[in-house]
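The values are calculated or read from the model by the stated rules, or taken from the named source; none is laboratory data. The model shown is predicted, which means the values in this text are computed figures rather than measured ones. Note: ideal-geometry Cβ built from the backbone for every residue, glycine included; neighbour counts use all protein chains shown. Calculation scope for accessible area: heavy atoms of the full protein, side chains included, ligands and nucleic acids excluded. Shrake-Rupley method; radii C 1.70, N 1.55, O 1.52, S 1.80 Å.
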Amino acid sequence: MRLRCPCCHAEADLQAWAEADGARELYALLHGLDATVGRALVAYLGLFRAPQRALSWERALRLAREALALEGDAARLGAALSLTVEHLRSKRQAGGEREARPLSGHNYLRRVLEGLPLADAASVVPVQPDRMSAPRRAAAPSATLDAVQRLEAMKRSALQAADDAGSQA
């Protein structure tokens, strides 16, 4: 089955994405998160990508794991991720070459976490989609994720059935 990216309109086979270890692990990681934190994390990962380049699955997975390890409280982390994305997007829209560069580490997020009291975590508005790429996005961006997860479940079921058949023989 061939799928089209809602952002760049590139086509790729679903099986190719499912076989990429980094992609599969990142989808599983995002699936286990609260939707608000997951959306904020995906938007945050986009800050590490240069406009002319793609972010590799492995780097995105590593960055996601590092960001999640910074804070144990999911609500507080989600709020910090949302604030970081909104602050950096507004700086980038204001202009300047320095602000347009992709992030290279989590220092900005760490500073936001340090300045975010526990009581403020619930009052932060969740991150909104990037207004620059909003017209190109599909209505249901999770369809690919759902398809990959169903494919993984079928693969696990088939492997389990094969193991059960082997152990009974």
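Brief remarks follow.
- Summed over segment 21-32, residues that are in contact (Cβ under 8 Å) with a residue 40 or more places away in the chain and open to solvent by 20 Å² or more (accessible area, probe 1.4 Å) total 5.
- Number of positions in segment 33-50 that are over 15 Å from Val148 (Cβ atoms) and without any contact (Cβ under 8 Å) to a residue 24 or more places away in the chain: 2
- Members of segment 7-20 that are within 16 Å of Leu55 (Cβ to Cβ) and surrounded by 11 or more Cβ atoms within 10 Å (Cβ to Cβ): Cys7, Ala12, Trp17, Ala20
- Total residues in segment 52-100, condition assigned to a loop (DSSP other than H, G, I, E, B) and either closer than 16 Å to Thr36 by Cα or free of Cβ contacts under 8 Å to residues at least 40 places away in the same chain (or both): 10
- Subset of segment 33-83 [over 14 Å from His106 (Cβ atoms) and open to solvent by 70 Å² or more (accessible area, probe 1.4 Å)]: Asp34, Arg39, Val42, Arg49, Pro51, Gln52, Arg53, Ala54, Trp57, Glu58, Gly72
- Of everything listed in (1) modelled with pLDDT of 75 or more; (2) out of contact with any Ser or Thr (no Cβ under 6 Å at 6 or more places or on another chain); (3) open to solvent by less than 80 Å² (accessible area, probe 1.4 Å), the single unmet condition for Arg156 is (3).
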